[in-house]
Amino acid sequence: MTHTLRKTLLFILLFFWILITVYGWFQIREESNPTLKTVTIGFQAGDEFDIAKSRGKFATKMEKKGYKVKFKEFQNGAAMMQALATGNIDYARVGDTPPVSALAAGTKLTYVAAGGTKEKGSGIVVKKNSGINSMADLKGKRVAYTKGTSSQYMILRALKTAGLGINDIKWVNLDQDAAAVAYSKNKVDAWANWDPTVAQVEITENSKLLVNGQQAGAVNRSFIVSPSKFAKNHQSLSKLVIKYGEQDMHWANTHHKQVIKLMTKELKLSKKVVTLEIERRTFGIYKMNDKYVKEEQEIADMFYQSGVLNKQATVAKHVDYLK
C-alpha cells in the first residue's frame with residue numbers, strides 16, 4: 001500500500017470517527033441538555049397532562065422554549081398537594097377539591113389555570129343489583145370516598161340536592177386501591193369517584209351511576225396550581241404551559257378516536273372503558289377568571305359549613321389572572 005493511499009484511508013477513517021463522535025455528542029446533549037430548565041408537572045391517570053405526555057407534542061414545544069418537562073403521576077389530588085407543598089412538583093393538574101383543602105391547611109399555592117369538567121363521568125356508583133335506585137336509598141348505607149378529593153364534595157352536593165343530611169349515610173374514607181377492593185367485595189354499598197375508574201366500574205363491576213356531577217352540581221373541573229412563590233416568579237412559563245396545554249386539549253376534543261387509542265394503551269384499560277370516559281368529557285386548559293373562582297369558593301364554603309374544614313379558605317386571594 002502506497003504512502004498516499006494510507007494517508008487517504010487514514011483521513012477517511014478520521015473523518016467518519018469525527019462524524020460518529022459529533023453525532024454521539026448531539027444525542028447526549030439532546031437527552032440531557034444542561035441548558036434546559038427542568039419543569040415537573042404532577043398529573044393523574046387519564047387527565048389532561050396524561051394525554052399531553054402520551055402525545056409528546058407538549059414536551060417538544062416546551063423544549064424549544066428552553067424547558068425540559070418531567071411528568072410525575074399521582075394516585076389522587078390529595079397526594080399531589082402534599083408533593084406541591086414540599087416543592088417536589090412545580091405544577092399540579094388536579095381536581096377542584098384538593099386545592100381548597102390544601103389552602104385551608106396552610107399550603108401556599110396559586111391557581112394558574114382552569115380546565116374542562118368531568119361532571120358526566122364523576123359521581124356515586126352502585127351495583128345494579130343492589131336495590132339502590134335513588135339517593136334516598138343510600139340512607140344508612142356505607143359510601144366509600146377519599147378524604148380531601150372531589151369524591152368528598154360529590155357526596156356532600158348529592159346529599160344536599162336530595163334533601164339528605166351528612167349523617168344520613170356512613171362515610172368510609174379509603175384510598176383508591178382500598179376502595180376498589182371494598183367495593184368489589186361488597187364491603188361498601190356505594191363509591192364516590194371519577195373517570196376512568198367510574199367507567200371501568202360501570203362496565204366491569206355491573207354498576208351504574210346513581211347520580212353524576214351534572215345532576216348533583218359538582219362539575220369536577222380540572223385546575224392547574226403551583227407553589228405561590230414559583231407561580232409569582234414564573235408567569236411567562238405558566239403562559240407557555242397554558243398555551244401548549246390548550247393546543248393539546250383542542251386536539252383531544254376534535255380527535256376522539258386518536259385519544260381513545262392513545263389512552264387505551266397508556267391506561268391499560270379496555271377500549272370500551274376508555275371510549276365511555278372520553279365520549280362524555282370536555283377537555284380544556286384556560287386562564288383563570290371569576291367564574292372558575294366562584295366554583296372553587298362554593299366548594300370552600302360548603303366544606304367549612306359542613307365541618308370538613310376548620311378554616312375558611314378565600315380562593316380569590318390565591319389566583320394568578322394571567323394576561
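Out of Met135, Met154, I need the residue that is touching a strand residue (DSSP E or B) at 6+ places or on another chain (Cβ under 9 Å), of a type outside the set (Gly, Ala, Ser), closer than 17 Å to Glu296 by Cβ and at pLDDT 95 or above. Which one?
Met154
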Problem - All positions within the range 118-153 that are surrounded by 22 or more Cβ atoms within 10 Å (Cβ to Cβ), in contact with a Lys or Arg (Cβ under 9 Å, 6 or more places away or on another chain) and within 28 Å of Met249 (Cα to Cα) - result: Lys118, Glu119, Gly121, Val125, Ser150
Fill in the blank from the handout: Taking the range 157-174 and keeping only residues that are surrounded by fewer than 15 Cβ atoms within 10 Å (Cβ to Cβ) and assigned to a helix (DSSP H, G or I), one is left with Thr161, Ile166, Asn167
Exercise for the section: Can you work out which of the residues in the range 45-90 that are more than 14 Å from the chain's Cα centre (by Cα) and hydroxyl-bearing (Ser, Thr, Tyr) is most open to solvent (accessible area, probe 1.4 Å)? Expected result: Thr86
Problem - Some residue of the range 175-196 being surrounded by fewer than 20 Cβ atoms within 10 Å (Cβ to Cβ), in contact with a helix residue (DSSP H, G or I) (Cβ under 6 Å, 6 or more places away or on another chain) and at pLDDT 95 or above - result: no
Practice task
Mind listing whichever residues of the range 33-54 are aliphatic (A, V, I, L, M) and either within 17 Å of Ile224 (Cα to Cα) or in a helix (DSSP H, G or I) (or both)?
Solution key: Val39, Ile41, Ala45, Ile51, Ala52
Practice task
Evaluate the range 68-79: report whether one residue or more is under 19 Å from Leu210 (Cβ atoms), in contact with a Phe, Trp or Tyr (Cβ under 9 Å, 6 or more places away or on another chain) and part of a loop (DSSP other than H, G, I, E, B).
Solution key: no
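The values are calculated or read from the model by the stated rules, or taken from the named source; none is laboratory data. Values in this document were obtained by computation on a predicted structure and should not be read as measured data. Neighbour counts are summed over all protein chains in view; Cβ atoms, including those assigned to glycine, are modelled from backbone coordinates with ideal geometry. Heads up: the accessible areas ignore ligands, DNA and RNA and are worked out on the full protein's heavy atoms, side chains in. Shrake-Rupley method; radii C 1.70, N 1.55, O 1.52, S 1.80 Å.
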